[in-house]
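Single-structure report; data block below.
Only the coordinates and a few stated rules stand behind these numbers; no lab work does. Quick caveat: nothing in here was measured; it's all calculated off a predicted structure. With ideal geometry, Cβ positions are generated from the backbone for all residues, glycine too; neighbour counts draw on all protein chains shown.
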Amino acid sequence: MKKELFSNVFSLIWNLFIIYVCYSLCRLTFLLENFRLFSENLTGEYALNMFGAGIIFDTTAILYSNALFILLFLLPFHWKENATFYKVVRWIFTVVNGFFLISNLVDCVYFRFSGRRTTMSVFQEFSNEGGGNLASIFMDEFISHWYLVVLAAVFCYAISLLSRKSG
């Protein structure tokens with residue numbers, strides 16, 4: 001009885017845990033990709049503090065990006081207890097988190113050029129670029145950092161594979 005009563009809550013916690021792990025791996029990837037920029041100041045204590053602060057930052061990002069998923073998952077209505085509903089919710093979870101994880105991985109490359117993380121101002125920075133030039137830059141970086149593309153695919157596949165629909 002208790003398992004059935006709390007199965008959605010346990011599934012939600014598991015799914016969000018998967019996302020926390022992915023975000024932490026993104027942070028590690030960011031650090032490794034930009035290691036030469038941080039290597040002078042990087043000590044074990046600094047790295048631990050960075051990861052601890054990152055988890056706090058991630059919590060905000062994860063709650064904002066997953067607000068719809070959390071709401072849909074926890075709705076206490078009987079009509080949602082069918083396979084179609086959970087397929088849609090799982091699809092939303094995978095697509096939204098895939099998008100934000102890919103954005104995090106893009107930051108691994110973008111940071112080196114801008115010295116800061118990506119924000120909406122990136123669109124203003126590239127607004128004067130011609131479409132062909134921007135596409136060329138994008139393709140060059142895409143090819144140069146193919147391993148980040150593979151990592152993004154692994155993240156999306158893992159989210160899809162490991163996420164739980166319910167109890």
- Task: Tell me the label-point distance for the pair Thr59, Leu161, using the 7 Å Cα-to-Cβ offset, in nm and rounded to one decimal.
- Result: 3.0 nm
- Message: Under the 0.36 nm per residue contour assumption, what length would be gained going from the current alpha-carbon distance of Ser24 and Phe142 to full extension?
- Response: 40.3 nm
- So what J values fall out for the stretch 65-79 if you push phi through Karplus, 6.51 cos²θ - 1.76 cosθ + 1.60 with θ = phi - 60°, rounded to Hz, Gly and Pro as x? 6, 10, 4, 5, 4, 4, 4, 5, 5, 9, 4, x, 9, 5, 5
- Per the 1/(1 + (r/R0)^6) rule, R0 = 25 Å and r from the Cβ atoms of Val9 and Val150, FRET efficiency to 0.05 is 0.15
